[in-house]
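The values are calculated or read from the model by the stated rules, or taken from the named source; none is laboratory data. Values in this document were obtained by computation on a predicted structure and should not be read as measured data. A quick note on method: Cβ atoms are made from the backbone with ideal geometry, for glycine too, and the neighbour counts reach across all protein chains shown. Just the protein is used for accessible areas: all its heavy atoms, side chains included, with ligands, DNA and RNA removed. Shrake-Rupley method; radii C 1.70, N 1.55, O 1.52, S 1.80 Å.
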Amino acid sequence: HATLECRELTKIYPAAGGLHRSKNKVRAVANLDLSVRNGETVGLVGESGCGKSTLARLITGMEQPTSGSVLYRGGDVHQLRGKAWTALRRSIQMVLQDSLAALNPRMPVEALVGEPLLIHEPRLSRAERRTAVIGALDAVGIPARMLKRRAHELSGGQRQRIGIARALILDPEVIIWDEPVSALDLSVQAQVLNLIADLQRTRQRSYLFISHDLDVVRHVADRVIVMYLGQVVESGRAEDVYTNP
Ligand code: ADP
Ligand code: ADP
């Protein structure tokens, strides 16, 4: 069965900033069904505010659904505790628009990429961790001579490659790409998209690619789901889907 599944997933936020009681609650995600199988990339496209980020936070367990469920390998993500929760945090990785934004800009590449391993496999030696870092960097086209480079010295494209290496080093079953090329210059977008497409081809895992840009999604996804106001309004093979919201 599917690696990742959302079943009738719903998230309702209370209306923002009301001093008085309001019925204008926001249904950010409404009755959403979604499944991603091993070896498959599902694209999720929709305009700003349609609920994409909320969905990503629900899938990674960062946010509780109002109703419905998220299943990873058949288990309900929101019921996991203790070691099972820690294991899930490793199995599902996210790559964001600027994955290094929240990190110390003076951190060297070696620490940026090695940090998740330090947390999840604290018993590895420094040398073992370095070998793994170099392997992950190689997978994203960053040479080992850049290990000592600091985050603030990197170009936008290099930062995203490092962000991807940071996810890959944990060898996750699921990667959620959340607008991973939206902040990049067009020429760099194409390079990073090609990298993502290559990785997905050679590394048979489950991928969910989120973007507001259908052309970008088509480039990397097998199936595409179109979201509008929290709901799936269209889905199909990447080459068949078009949208006109
Ligand atoms: P997208 O990622 O597609 O831009 P979001 O998931 O960020 O969409 O937002 C979906 C809807 O939920 C929007 O109407 C947004 O204003 C609302 N929303 C998102 N996060 C919150 C929150 N923490 N509290 C209240 N409303 C929210
Ligand atoms: P190891 O012998 O520990 O697997 P590698 O150098 O092969 O060392 O890989 C180190 C890390 O980089 C691993 O965690 C792996 O997930 C990641 N990695 C290496 N090559 C690839 C690749 N082609 N695609 C995705 N991830 C890779």
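When you look at residue 198, is it surrounded by fewer than 20 Cβ atoms within 10 Å (Cβ to Cβ), within 30 Å of residue 235 (Cβ to Cβ) and within 10 Å of ligand 2 (Cβ to nearest atom), yes or no? Even if it seems obvious, please write down each step before you answer.
Values: surrounded by fewer than 20 Cβ atoms within 10 Å (Cβ to Cβ): yes; within 30 Å of residue 235 (Cβ to Cβ): yes; within 10 Å of ligand 2 (Cβ to nearest atom): yes.
Criteria met by residue 198.
Could you check the stretch 74-120 and list, in sequence order, the residues that are in contact (Cβ under 8 Å) with a residue 60 or more places away in the chain and either open to solvent by 50 Å² or more (accessible area, probe 1.4 Å) or of a type in the set (Gly, Ala, Ser) (or both)?
74, 90, 91, 94, 96, 97, 98, 99
Write out, first by first residue and then by second, each pair whose Cβ atoms fall under 7 Å of each other, whose residues are 6+ apart or on separate chains, and whose first residue, in the stretch 216-237, is within 16 Å of ligand 2 (Cβ to nearest atom) while the second is part of a strand (DSSP E or B) and β-branched (Val, Ile, Thr).
Close Cβ pairs (under 7 Å, with a partner that is part of a strand (DSSP E or B) and β-branched (Val, Ile, Thr)) amount to 220/41.
Being farther than 16 Å from residue 142 by Cβ and either assigned to a helix (DSSP H, G or I) or among the aromatic types (Phe, Trp, Tyr) (or both) is the filter here, so list the residues in the stretch 86-114 that pass it.
86, 87, 88, 89, 90, 91
Under 6 Å by Cβ, and 6 or more places apart or on different chains, what pairs join a residue from the stretch 180-193 that is open to solvent by 60 Å² or more (accessible area, probe 1.4 Å) with one that is among the charged types (D, E, K, R)?
So the pair list comes out as 183/98.
Across the stretch 187-215, what is the total count of residues that are over 24 Å from residue 11 (Cα atoms), at pLDDT 95 or above and either out of contact with any Ser or Thr (no Cβ under 6 Å at 6 or more places or on another chain) or of a type in the set (A, V, I, L, M, F, W, C) (or both)?
Summing the residues that are over 24 Å from residue 11 (Cα atoms), at pLDDT 95 or above and either out of contact with any Ser or Thr (no Cβ under 6 Å at 6 or more places or on another chain) or of a type in the set (A, V, I, L, M, F, W, C) (or both) in the stretch 187-215 gives 17.
Touching a Cys at 6+ places or on another chain (Cβ under 6 Å), under 30 Å from residue 215 (Cβ atoms), touching a residue at least 12 places away in the same chain (Cβ under 8 Å) and not in a loop (DSSP other than H, G, I, E, B), is that true of residue 70?
Yes.
For residue 171, are the conditions met, namely being within 16 Å of ligand 2 (Cβ to nearest atom), without any contact (Cβ under 8 Å) to a residue 12 or more places away in the chain, farther than 25 Å from residue 85 by Cα and of a type in the set (D, E, K, R)?
no
Condition check: in contact with a helix residue (DSSP H, G or I) (Cβ under 6 Å, 6 or more places away or on another chain) and either closer than 26 Å to residue 90 by Cβ or β-branched (Val, Ile, Thr) (or both). Does residue 178 satisfy that? Walk me through how you get there before you give the answer.
Details: in contact with a helix residue (DSSP H, G or I) (Cβ under 6 Å, 6 or more places away or on another chain): yes; either closer than 26 Å to residue 90 by Cβ or β-branched (Val, Ile, Thr) (or both): yes.
Spelling it out, residue 178 is indeed in contact with a helix residue (DSSP H, G or I) (Cβ under 6 Å, 6 or more places away or on another chain) and either closer than 26 Å to residue 90 by Cβ or β-branched (Val, Ile, Thr) (or both).
Which residue is farthest from residue 77 (Cα to Cα), if the candidates are limited to the stretch 162-199 and must be assigned to a loop (DSSP other than H, G, I, E, B) and of a type outside the set (A, V, I, L, M, F, W, C)?
Filtering the stretch 162-199 for residues that are assigned to a loop (DSSP other than H, G, I, E, B) and of a type outside the set (A, V, I, L, M, F, W, C), the one farthest from residue 77 (Cα to Cα) comes out as 185.
Residue 144 versus (1) crowded, with 16+ Cβ neighbours inside 10 Å; (2) modelled with pLDDT of 95 or more: which is the lone unmet condition?
Of the numbered conditions (1) crowded, with 16+ Cβ neighbours inside 10 Å; (2) modelled with pLDDT of 95 or more, the odd one out for residue 144 is (1).
When you go through 41, 3, 60 one by one, which is the residue that is among the polar types (S, T, N, Q), open to solvent by less than 30 Å² (accessible area, probe 1.4 Å) and within 16 Å of ligand 2 (Cβ to nearest atom)?
So the residue among 41, 3, 60 that is among the polar types (S, T, N, Q), open to solvent by less than 30 Å² (accessible area, probe 1.4 Å) and within 16 Å of ligand 2 (Cβ to nearest atom) is 41.
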